[in-house]
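Visitor: First the structure, which I've put down as structure tokens, then a few questions once you've had a look.
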Amino acid sequence: MLDLQRLRALHAVSVHGTVGAAAVALGYTSSAVSQQIAKLERETRTVLLEREGRGVRLTDEAHQLVRAARELLAIVERAETELEERRGVPAGRLTVAAFASAARGLMPSVLADLARRHPALDTRLTEIDPHLSVDLVAKGAVDLVVAHDWDIAPLPAPAGVEQAVIGDDLCDLLVPEGHRFAGRTAVRREELGGERWICQPPGRVCHEWLVRTLRTAGHEPEIVHQADENPTLVALVAAGLGIALIPRLGRGPLPAGVVEVPLDPVPVRRLYALWRTGAARRPAIAETVRALGAHWPGVSARTPR
């Protein structure tokens, strides 16, 4: 008899790529995930994971089990959805993945609202980049995703995934005091050539947007500093080391030495909630989407300019 929790652990390793990442997604320790898979190997008398460098590789037999696990987990999800739908109230565990600034600027108020209104609902948040999170919801690794796209880089929803617009987050140019753009009422994109840029690393949505935007305006960006978190980018601007394009959501008050200048046209990223079509009837999904939409106007109004 195959144990569903052990299959879930193997499925998580397949989706997330490492035991450590799977453990974070499941809310377990890495040791607990490894033990689950070791027990599954003993039960099936099969090697499922092989060492590969510092990580692991799934064997062919493991991939076969993962396909079966995906089907079983989908059946369990349908059963849980039907039970929750019959009760008519949000309940059970709901896993949510959100990108960093949404996790900081939007999700705390939404999660508090859900906890207050629906004590039977156990919502769990994980911070994940949008490029990864959309694939995770499609594969059933998380229940709902808060992601974003940019005006020149739309976010495609995979087959079997539904989405709803939460709202629009505006982006501003941040420059050091004394910069040639400081004090301007607006700067056009065509004027951005010859600058030293501070942005997120390659592979991040914001990085790709900056590169595409500047190249479209006829400039090759000179990116001199890269960091994952917006507060770090702002600190580098404050030190006079370059300029940056930073969204308003989750940014916080600007420190001394940093000047905000609007771009013309203003860059916009749109926030979405995404979930699997099979879970659309689940009250927990509907209520979370409602809460995201309800809290967005207040969050965007409080966002500093």
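The values are calculated or read from the model by the stated rules, or taken from the named source; none is laboratory data. All figures in this text were calculated on a predicted structure; none of them were measured in a lab. Here Cβ is always computed from backbone atoms with ideal geometry, including for glycine, and neighbour counts include all displayed protein chains. These accessible areas exclude ligands, DNA and RNA; they are computed on the full protein's heavy atoms, side chains included. Shrake-Rupley method; radii C 1.70, N 1.55, O 1.52, S 1.80 Å.
Visitor: Ala182: at pLDDT 90 or above and part of a loop (DSSP other than H, G, I, E, B), yes or no?
Guide: Judged against the criteria, Ala182 is a match.
Visitor: Condition (residue is closer than 21 Å to Ala103 by Cβ, of a type outside the set (Asp, Glu), in a helix (DSSP H, G or I) and touching a His at 6+ places or on another chain (Cβ under 9 Å)) applied to segment 284-299: is it met by at least one residue?
Guide: Checked against the condition, which is being closer than 21 Å to Ala103 by Cβ, of a type outside the set (Asp, Glu), in a helix (DSSP H, G or I) and touching a His at 6+ places or on another chain (Cβ under 9 Å), segment 284-299 yields at least one hit.
Visitor: Which one of the conditions (1) under 23 Å from Gly20 (Cβ atoms); (2) under 28 Å from the mean Cα position of the chain (by Cα); (3) of a type in the set (Asp, Glu) does Glu61 fail to meet, given that it meets all the rest?
Guide: Among (1) under 23 Å from Gly20 (Cβ atoms); (2) under 28 Å from the mean Cα position of the chain (by Cα); (3) of a type in the set (Asp, Glu), Glu61 violates only (2).
Visitor: Right, next: Working carefully through the options Leu132, Leu155, Leu114, find the one that is on the phi < 0 side of the Ramachandran plot, within 15 Å of the chain's Cα centre (by Cα) and part of a helix (DSSP H, G or I).
Guide: Leu132
Visitor: Looking only at segment 11-45, count every residue that is closer than 17 Å to Ala138 by Cα, of a type outside the set (Ser, Thr, Tyr) and either surrounded by 18 or more Cβ atoms within 10 Å (Cβ to Cβ) or in contact with a Phe, Trp or Tyr (Cβ under 8 Å, 6 or more places away or on another chain) (or both) and tell me the total.
Guide: Number satisfying all stated conditions: 8.
Visitor: Could you tell me whether segment 60-78 includes any residue that is under 21 Å from Cys206 (Cα atoms), assigned to a helix (DSSP H, G or I) and open to solvent by less than 70 Å² (accessible area, probe 1.4 Å)?
Guide: No, because not a single residue in segment 60-78 is under 21 Å from Cys206 (Cα atoms), assigned to a helix (DSSP H, G or I) and open to solvent by less than 70 Å² (accessible area, probe 1.4 Å).
Visitor: When segment 178-191 is examined, which residues are found to be of a type outside the set (Val, Ile, Thr) and either farther than 20 Å from Gly257 by Cα or surrounded by fewer than 13 Cβ atoms within 10 Å (Cβ to Cβ) (or both)?
Guide: Matches in segment 178-191: Gly178, Arg180, Gly183, Arg188, Arg189, Glu190, Glu191.
Visitor: Still on this structure: Hey, which of the strands (runs of 3 or more DSSP E) in segment 209-275, taking only ones fully inside, have at least 1 residues that are in contact with a strand residue (DSSP E or B) (Cβ under 6 Å, 6 or more places away or on another chain) and more than 21 Å from Ala102 (Cβ to Cβ)?
Guide: Output list reads 222-226, 258-261.
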